[in-house]
Ligand code: ADP
């Protein structure tokens with residue numbers, strides 16, 4: 001089976017079709033081309049979204065950290081300023097100067113209500129660090145020395161305000177604290193003692209970070225040594241936890257801005273962390289967000305993305321599978337059509353065979369009918385009655401009609417089967433149309449129709465028989481459908497290389513609404529308006545014969561005033577071939593004679609060369625129109641001529657046909673031969689080729 005037949009039979013389809021025809025293959029390709037890319041895009045999109053969300057969350061944490069740090073700094077500063085102002089009041093100054101616990105407690109009592117809720121206690125110490133008073137009251141502590149406490153050491157160092165480290169207060173059961181201590185100075189600026197507040201870190205953790213806690217995983221407030229002051233996630237509980245070893249905490253204390261994904265922050269695992277320093281205190285604030293929380297936040301997006309991807313994939317799969325089924329249907333249909341076509345072709349061949357043999361079978365008895373009816377008419381002319389003569393006439397007429405019908409049907413089926421081979425020969429316009437004119441003149445006379453002809457002279461290379469058939473069909477219709485006293489005109493002329501023929505009549509015309517049908521088979525459109533007989537095959541055959549010669553046939557018609565048919569056959573009129581010749585290269589006299597008969601039939605001169613040298617010499621002397629070249633020459637192989645003519649610029653383009661007993665194996669064509677005719681030669685084929693190349697030589701532009 002060749003590729004072509006495989007293709008025709010449908011066993012080899014276009015690649016896309018070959019895939020679509022199998023649902024499994026379709027599925028595989030769909031997965032590769034659709035599902036995979038969609039999946040990858042979905043994953044990439046999810047990744048990008050996650051990155052974006054992470055960046056946004058980190059930016060939010062950063063902003064929150066700096067805002068919270070500002071807030072804490074302002075709270076501490078506010079408290080400190082308040083204390084400084086309070087310490088400068090005469091009540092406190094006097095009480096501390098008096099060192100009287102009763103006076104101090106009384107002075108403090110009023111102040112406590114004014115302090116923010118995270119303040120645990122307010123207390124006053126003398127210049128040695130002995131507690132003078134405390135609010136809310138804890139009388140057992142009064143008189144005790146707290147000189148060892150960081151806050152006292154800090155404030156008494158230079159008698160300036162001081163924020164302490166975290167510490168656990170001396171009051172049992174109270175949460176961890178930091179203290180803000182300010183000096184109590186006399187009017188001269190000399191130190192009298194210190195006034196301090198202890199801030200409840202548990203409370204502070206809750207109050208200070210109240211709004212932020214919900215948005216983030218945790219918030220750490222860490223002092224300048226890396227110890228936790230308080231933490232939003234567990235206010236008070238983690239106080240004094242040492243984070244000084246944590247790289248992020250160390251970096252922040254060093255003054256760097258921590259911002260990013262931290263592998264293990266405060267031993268809590270991978271976290272998004274942003275830091276901010278709390279102004280003036282040396283404290284650092286860390287806002288911590290969990291990337292896991294981010295994953296969680298992205299989960300709806302992810303699932304939406306997955307759902308959309310899946311839906312898309314299923315949609316594409318469904319479409320492809322549906323297409324697959326459709327394509328299967330189409331392929332099956334095409335196969336059925338191919339089978340049907342083959343059947344039809346065969347039926348067509350059977351039809352043609354049948355028609356050919358039937359026509360033959362019919363023509364033989366028809367011959368007898370026509371012949372004997374004519375004979376009877378001639379021989380019994382005197383002895384039979386008019387009626388009997390009419391009967392004989394009817395037999396003859398019916399027989400003639402049948403014969404023309406058979407001829408037309410046979411011709412038509414031959415053209416349709418591509419079995420009509422054109423046999424172009426050289427002729428003149430006059431020689432071509434003369435027999436038709438004399439035949440039609442008689443028919444026109446019988447009907448009383450005037451017949452005019454205008455024929456210009458010219459040379460043609462044309463299949464004369466087929467052209468006459470065309471003219472005859474058109475003219476006999478014109479005469480047939482033109483009433484007595486009407487006229488029919490035939491014009492034939494050449495224009496350039498085209499042959500034009502025009503048949504005009506003044507007859508009944510063709511109704512406009514029927515004009516589109518007249519070239520159809522068995523179409524007779526004037527039956528109701530004319531008593532002329534016909535088969536309805538003439539124009540169908542005419543059109544096919546014209547098209548077989550690459551020509552066109554057209555008409556214009558007006559009902560009641562006549563019809564004009566125009567035929568154009570292109571490329572049949574050579575301009576000049578005289579003076580040119582065909583070079584026949586063969587050393588077999590009978591072969592030469594045959595070839596000369598063919599060239600002579602076309603009106604072409606010929607020169608004969610029997611050796612390679614003679615052939616080359618003749619070609620170089622004057623380039624021939626064409627060369628007919630035998631391969632088996634006695635002196636040398638004909639290929640030598642081929643090779644040398646093709647090698648030289650002057651002779652390179654001469655058309656060369658091989659005429660040989662050897663089959664065409666393509667080797668001569670490889671050397672540059674244009675055609676290959678196998679002996680015994682088909683005269684029509686060679687004549688056709690010579691006709692074509694001589695036209696080409698005469699009109700190189702063609
Ligand atoms: P028919 O054998 O009937 O002439 P044709 O195929 O030659 O068949 O023509 C088809 C039909 O076209 C004719 O039957 C006729 O009706 C119409 N026709 C063809 N030529 C002419 C014409 N010159 N004038 C009027 N009608 C025509």
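The values are calculated or read from the model by the stated rules, or taken from the named source; none is laboratory data. All figures in this text were calculated on a predicted structure; none of them were measured in a lab. Cβ sites come from the backbone with ideal geometry, for glycine too, and all protein chains shown count toward neighbours.
Structure summary
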| quantity | calculated |
| --- | --- |
| Test set (1) closer than 30 Å to residue 304 by Cα; (2) touching a helix residue (DSSP H, G or I) at 6+ places or on another chain (Cβ under 9 Å) - residue 40 fails condition number | (2) |
| Which numbered condition residue 502 misses (of (1) buried (at least 19 other Cβ atoms within 10 Å of the Cβ); (2) within 13 Å of the ligand (Cβ to nearest atom); (3) modelled with pLDDT of 90 or more; (4) not in a helix (DSSP H, G or I)) | (1) |
| Conditions (1) closer than 17 Å to residue 426 by Cβ; (2) in contact with a helix residue (DSSP H, G or I) (Cβ under 9 Å, 6 or more places away or on another chain); number of the one not met by residue 692 | (2) |
| Filtered residues of region 217-262 (kept if surrounded by fewer than 17 Cβ atoms within 10 Å (Cβ to Cβ) and within 16 Å of residue 207 (Cα to Cα)) | 234, 237 |
| Subset of region 625-634 [over 10 Å from residue 584 (Cα atoms) and either under 57 Å from the mean Cα position of the chain (by Cα) or surrounded by 13 or more Cβ atoms within 10 Å (Cβ to Cβ) (or both)] | 625, 631, 632, 633 |
| Looking only at region 451-476, and only at residues there that are in a strand (DSSP E or B) and at pLDDT 90 or above, the one that is farthest from the ligand (Cβ to nearest atom) | 454 |
| Looking only at region 263-276, and only at residues there that are buried (at least 21 other Cβ atoms within 10 Å of the Cβ) and outside any helix (DSSP H, G or I), the one that is farthest from the chain's Cα centre (by Cα) | 276 |
| Members of region 585-604 that are in contact with a helix residue (DSSP H, G or I) (Cβ under 7 Å, 6 or more places away or on another chain) and not in a helix (DSSP H, G or I) | 585, 586, 602, 604 |
| Residue within region 566-584 that is crowded, with 18+ Cβ neighbours inside 10 Å, part of a strand (DSSP E or B), modelled with pLDDT of 95 or more and within 11 Å of the ligand (Cβ to nearest atom) present | no |
| Pairs, first more than 22 Å from residue 397 (Cα to Cα) and modelled with pLDDT of 75 or more in region 514-537, second near the ligand (Cβ under 7 Å from one of its atoms) and assigned to a helix (DSSP H, G or I), C-beta under 7 Å, six or more apart | 518/539; 519/539; 519/540; 520/540; 521/540 |
| So residue 341, is it within 25 Å of residue 534 (Cα to Cα), at pLDDT 85 or above, out of contact with any helix residue (DSSP H, G or I) (no Cβ under 8 Å at 6 or more places or on another chain) and in a helix (DSSP H, G or I) | no |
| Flag if residue 628 is out of contact with any helix residue (DSSP H, G or I) (no Cβ under 6 Å at 6 or more places or on another chain) and either more than 16 Å from the ligand (Cβ to nearest atom) or part of a loop (DSSP other than H, G, I, E, B) (or both) | no |
| Where a residue in region 32-52 is over 17 Å from residue 300 (Cα atoms) and its partner, wherever it lies, is surrounded by 14 or more Cβ atoms within 10 Å (Cβ to Cβ), with Cβ under 6 Å and at least six apart | 34/316; 35/313; 38/309; 38/312; 38/313 |
| Selected residue (only one of 194, 179, 204 is part of a strand (DSSP E or B) and under 21 Å from residue 224 (Cβ atoms)) | 179 |
| Tally of residues being at negative phi, more than 8 Å from the ligand (Cβ to nearest atom) and either assigned to a helix (DSSP H, G or I) or surrounded by fewer than 19 Cβ atoms within 10 Å (Cβ to Cβ) (or both) across region 477-493 | 7 |
| Residues located in region 428-450, provided they are crowded, with 20+ Cβ neighbours inside 10 Å and outside any helix (DSSP H, G or I) | 449 |
| Every residue from region 237-262 that is part of a helix (DSSP H, G or I) and in contact with a helix residue (DSSP H, G or I) (Cβ under 7 Å, 6 or more places away or on another chain) | 248 |
| Search result, residues across region 538-555 that are more than 12 Å from the ligand (Cβ to nearest atom) and modelled with pLDDT of 90 or more | 545, 546, 547, 551, 552, 554 |
| Selection from region 376-397 of residues that are in a helix (DSSP H, G or I) and either in contact (Cβ under 8 Å) with a residue 12 or more places away in the chain or surrounded by 12 or more Cβ atoms within 10 Å (Cβ to Cβ) (or both) | 376, 377, 388, 389, 391, 392, 393, 395, 396, 397 |
| Residue check for residue 613: closer than 28 Å to residue 646 by Cβ, out of contact with any helix residue (DSSP H, G or I) (no Cβ under 8 Å at 6 or more places or on another chain) and either more than 11 Å from the ligand (Cβ to nearest atom) or at pLDDT 80 or above (or both) | yes |
| So residue 673, is it touching a helix residue (DSSP H, G or I) at 6+ places or on another chain (Cβ under 7 Å), free of Cβ contacts under 8 Å to residues at least 60 places away in the same chain and either surrounded by fewer than 13 Cβ atoms within 10 Å (Cβ to Cβ) or assigned to a loop (DSSP other than H, G, I, E, B) (or both) | yes |
